[in-house]
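The values are calculated or read from the model by the stated rules, or taken from the named source; none is laboratory data. Since we're looking at a predicted model, the values are computed, not measured. With ideal geometry, Cβ positions are generated from the backbone for all residues, glycine too; neighbour counts draw on all protein chains shown.
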Amino acid sequence: MICANCGTENRAGRRFCLQCGNALARACPNCGASNEAEARFCGGCGNVLEATATVAASAPTAAASVGSGRPSPAPVAERRLVTVLFADLVGFTPFAEERDPEQVRDTLTRFFDIARDAIVRHGGTVEKFIG
């Protein structure tokens, strides 16, 4: 992993740069997934990550907070209400078998565009189309 602060290459699994002490990754407070230090959103759950300092001297370490007598911040749990949409394209396999791949791709692209527009119009967000 390359340090965003000083450019030093670090071995995988390191949490802090071996040259400058900059944080290389941080855990998401929502799901615990490891994220790059400069990430604004969690790659595991999409949670907004808090802004952190990029210089090690300005960011307190666990040892510094223990020595300072300040309690470490407790992990924050968050409950979210979500709606998940599952949709099936009935008859898609026979449809696709009878057409050129380009025509199938164009049809799916139109479907995805229409579905995304309807979801966004109702305040939703599309994370991904799968299947």
**OP:** Could you look through region 1-59, keep only residues that are modelled with pLDDT of 80 or more, closer than 20 Å to residue 127 by Cβ and over 10 Å from the mean Cα position of the chain (by Cα), and pick out the one that is surrounded by the most Cβ atoms within 10 Å (Cβ to Cβ)?
**Re:** 30
Subject >> Residues (surrounded by 10 or more Cβ atoms within 10 Å (Cβ to Cβ) and either in contact (Cβ under 8 Å) with a residue 12 or more places away in the chain or acidic (Asp, Glu) (or both)) located in region 96-106 >> reply: 106
Original post:
Within the set of pairs 6+ apart or on separate chains, which have a first residue in region 108-119 that is under 22 Å from residue 97 (Cα atoms) and free of Cβ contacts under 8 Å to residues at least 24 places away in the same chain, a second that is exposed (fewer than 14 other Cβ atoms within 10 Å of the Cβ) and among the hydrophobic types (A, V, I, L, M, F, W, C), and C-beta atoms under 8 Å apart?
Top reply: 111/89; 112/129
